[in-house]
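As structure tokens, the structure follows; a few thoughts come after it.
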Amino acid sequence: QVQLVESGGALVQPGGSLRLTCAASGSIYSIAAMAWYRQAPGKERELVAQIDSGGSTNYADFVKGRFTISSDNAKNTVYLQMNSLKPEDTATYYCNANIRRISYITNRSYWGQGTQVTVSS
């Protein structure tokens, strides 16, 4: 069974930095893309950043150059470097991956359990 496990969430002061990590494991044939989403209480889940297997990236406008997504394909791992954090960045951050499993011909979307990021003084 495919699993995505996020780590790196923490309480951090405004202006601080965090690096989130998401590692995919299981019977994986290939990963087409990985992404980070976030969701605050009472809010819709929103895309933060995504990266495909070729390294092409896409960012939400609210990132404003502060976040960087990267991946290590050999480790089936994606990272989100978050700098200049603001209180409005407070949310649960979820990893998402579009994965083709071994012996399957189609891809599907998988979600991690989420990691909490709290930006507060």
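The values are calculated or read from the model by the stated rules, or taken from the named source; none is laboratory data. Since this is a predicted model, take the numbers as computed values, not measurements. Methodologically, a virtual Cβ is constructed for each residue, glycine included, from the backbone with ideal geometry; neighbour enumeration extends over all protein chains shown. These accessible areas exclude ligands, DNA and RNA; they are computed on the full protein's heavy atoms, side chains included. Shrake-Rupley method; radii C 1.70, N 1.55, O 1.52, S 1.80 Å.
Structural remarks
- Pairing residues of the range 39-67 that are at pLDDT below 95 with residues that are of a type in the set (Val, Ile, Thr), at Cβ distances under 7 Å and at least 6 apart in sequence or on separate chains, gives SER53/ILE31; VAL63/VAL48.
- Which numbered condition SER121 fails, given (1) in contact with a strand residue (DSSP E or B) (Cβ under 9 Å, 6 or more places away or on another chain); (2) closer than 23 Å to LYS43 by Cα: (1)
- Restricting the range 99-121 to residues that are hydrophobic (A, V, I, L, M, F, W, C) and out of contact with any Lys or Arg (no Cβ under 8 Å at 6 or more places or on another chain), the residue that is modelled with the highest pLDDT is TRP111.
- Any hit, the range 18-31, residues being open to solvent by 60 Å² or more (accessible area, probe 1.4 Å) and closer than 23 Å to SER84 by Cβ: yes
- Total residues in the range 89-121, condition of a type in the set (Gly, Ala, Ser), open to solvent by less than 20 Å² (accessible area, probe 1.4 Å), under 15 Å from MET34 (Cβ atoms) and in a strand (DSSP E or B): 1
- Residue match in the range 36-50 (condition: of a type in the set (Lys, Arg), over 15 Å from the mean Cα position of the chain (by Cα) and exposed (fewer than 15 other Cβ atoms within 10 Å of the Cβ)): yes
- Conditions (1) under 19 Å from SER7 (Cα atoms); (2) open to solvent by 30 Å² or more (accessible area, probe 1.4 Å); (3) polar (S, T, N, Q); (4) in contact (Cβ under 8 Å) with a residue 40 or more places away in the chain; number of the one not met by THR77: (2)
- Residue match in the range 54-62 (condition: within 12 Å of the chain's Cα centre (by Cα) and open to solvent by less than 20 Å² (accessible area, probe 1.4 Å)): no
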